[in-house]
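Just so it is clear, none of the values below were taken in a lab; they were calculated from the coordinates. Just so we're clear, the structure is a prediction, and the values are computed from it rather than from any experiment. Neighbour counts are summed over all protein chains in view; Cβ atoms, including those assigned to glycine, are modelled from backbone coordinates with ideal geometry.
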Amino acid sequence: MNPARRTTAAAATLALATAGGLLTVATPASAAVSCPSPVYKRQLFANTSFSGTPKKTDCDSAINEKWGTGAPASGLPKDNFGVRWSVTRDFGSGGPFALPVTAQDGIRVYLDGARKVDLWKNVSTTQKKTVNVTVPPGRHSLRVDFVNWTGKAEVSFSYAPRTSATVDKVKPLTPTGASTSYDSTTGRTRMTWAKNKEMDLAGYRVYRRLKGASYGTKPLATTTSTSYTDSAVPATGDIYYYEVRAYDKAGHESTGTADQAVTTVDRTAPAAPTGLTAAAETGGLRIGWEAVTGAASYRVYRAATADGAFARIGTANQASYQDPSAAHGVTYYYRVTALDKAGNESGRSAAVKGTGRDLTPPPPVTGLTVTPTEYGFALRWDANPAADLARYTVYKGELLGDEEEQRCMGREVEYLWADTTSYAYTTLPDGDDVCFFIDAVDAAWNSSLKWTGTAEAVTATELDTTPSVPTPEGSPLNVTVDPAEGDEGNQVWWNGLDESSPEAAGGYRVYRWNRATAAYEKIADLDSGAFSYFDTGAKRGTTSYYWVTAVAADGTESRPAGDWTVTAPAQ
């Protein structure tokens, strides 16, 4: 005979007292038995109808007895006795459970009072059965009744979740009691939660997200504990949210707990600036860089050499800084760091070098006069006072706009040395209205016009030297005139006839326009093999107009062909 096992002291509460120095033991008349879930409360009866007062009540952690032919406990018969186990517990989200039993003799199993197993007969061999049930979520009661009528007595019962993913379709309940705490000294977050009631629980998954982002599919950590310490939360001053989810042996995951927020301390410096540039501008060297995410300000450092000691020279709240102390013609090296709102400073950027240079333009050109001439215009102006003046740029343009507001839109026509204050602009004087202005440029290529956008413009009207006698059409010749470059005179070229042409049998005649007589006057007779003529009699600084005719053997002339050229005054 196997006595009743796993009994607890709750079945008989003992009180010890002293009286006159003697030890006495007092036992109460009755004692209530309370067994903590999921421990069973066991009642042993001396009958098979479970009637009357149990002979014994105790707590049993499992149902698995083999009493053989003996009595289950002192005071009970070896036959015709009954044992009842009962328990109420939380099944979490519930789901599919298996109820396996073995018994000799009878066994009945009840779930919330509903009979699920019924093997209720006197047998001489052990009977077995497994019943599958679906347990709803929450708290439910189980009761197991066993009777032994005659012969051997043995019984076993258990209940367990069915964890196959093909059977279990129920996800765990969301963990409860979640809370977080953040240690600003260590930069760690500790998260705790209550133990989940699921019997098929496999563990917990902890997730973390940055405010404004979503939780990823990969958990931050997986644990079977009810707490987790995140020692790697970024110390960036940002808000992070945590949640915990339970997952079961079938692979189902619960929904997440309510977000648990922590605000981290900011110990993370921004990235070092990149893309540094250095450019000279009025007032100093301008250092620029690409804006750094999270930067609230920047510090600028300067050194005399690339590997020299860099000293801080200024602070900027934007992605550029002007160094007003950069001297002209001196090369400097710069590095920049980024600072966030918490004052964390990044590492220094790669160095960039820049050379200070003169960015002060010369004063505007003054005293410009424009005089129309037979060759175009004579320009004169005041010498510019800039000590580092390098050149002048002459612009010629046309007037745009109405009479109330006109602008001279010009283009560059000549570059002149700094010691020049006059210029002869050659053009065909045919009475057009034109305008001129002069720009001063220094040795550092600073332009008064380009810095200020304005210049003193002078308008003038060309002389009209066009001959009063027009050149007729229909000449067999083509004439081109090149201006004299020295003392050789203007060169007149023609073509269109060869020596065998009847019109050229007697040669060619060259004419030049004389404004005084208002006529083309002959200046040369040439033989039939000629094709050019140098007019050394043409004066410099004027516009010369020419005709060329072919002279036949009988002295008749062809119709003239004409062209013109302009020569500047002799220097």
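For residue 525, the shell of other residues with beta-carbons less than 14 Å away shows a net charge of -1, using +1 for Lys and Arg and -1 for Asp and Glu. Simple spin-label estimate for residue 399 and residue 120 gives 12.6 nm between the two label positions (7 Å along the Cα-to-Cβ direction from each Cα). Model label points for residue 176 and residue 420, set 7 angstrom from Cα along the Cα-to-Cβ axis, are 9.8 nm apart. Multiplying the residue separation of residue 259 and residue 224 by 0.36 nm and subtracting their alpha-carbon distance yields 10.6 nm. Go ahead and run the numbers for FRET between residue 444 and residue 277, Cβ-Cβ distance against an R0 of 25 Å, rounding to 0.05. Working from the Cβ atoms, E equals 0.85. A cut-off under 11 angstrom between Cβ atoms defines the neighbours of residue 102, and their net charge, with Lys, Arg +1 and Asp, Glu -1, is +1. Would you work out if the chain is rounded, prolate or oblate? Take a ≥ b ≥ c from the square roots of the eigenvalues of the alpha-carbon gyration tensor; rounded if a/c is under 1.5, else prolate when a/b is larger than b/c, oblate otherwise. Verdict is prolate for the chain. Placing a label point 7 Å from the Cα of residue 184 along the Cα-to-Cβ direction, the residues of region 333-356 whose backbone N falls under 15 Å of that point are 342-343. For the pair residue 165 and residue 80 in one chain, pulling the backbone fully straight at 0.36 nm per residue adds 26.2 nm over the alpha carbon distance. Computed from the Cβ-Cβ distance with R0 of 45 Å, the FRET efficiency linking residue 134 to residue 238 stands at 0.50. Summing +1 for each Lys or Arg and -1 for each Asp or Glu among the other residues whose beta-carbon sits under 10 angstrom from that of residue 236 gives -2. If contacts are Cα pairs under 8 angstrom and at least 6 residues apart, what is the relative contact order of the chain in percent? It rounds to 7 percent for the chain.
Gain on full extension, evaluated as 0.36 nm per residue between residue 210 and residue 452 minus their Cα-Cα distance, stands at 81.9 nm. With contributions of -39500 (n - 2.57) from each DSSP H run of at least four residues, the per-residue ellipticity at 222 nm computed over the chain stands at 0 deg cm²/dmol. Note on the chain: with charges restricted to the Cβ of Lys and Arg (+1) and Asp and Glu (-1), its dipole about the Cα centre is near 9540 debye.
Here each label is just a point 7 Å from Cα along the line to Cβ, and for residue 514 and residue 141 those points are 14.7 nm apart.
Each residue of region 312-324 is assigned a 3J(HN,Hα), and the resulting list reads 6, 10, x, 10, 9, 9, 9, 8, 6, 8, 9, 8, x Hz, derived from the Karplus form 6.51 cos²θ - 1.76 cosθ + 1.60 (θ = phi - 60°), x at Gly and Pro. Its Cα centre serving as origin, region 91-195 has a Cβ charge dipole (Lys and Arg +1, Asp and Glu -1) of approximately 140 debye.
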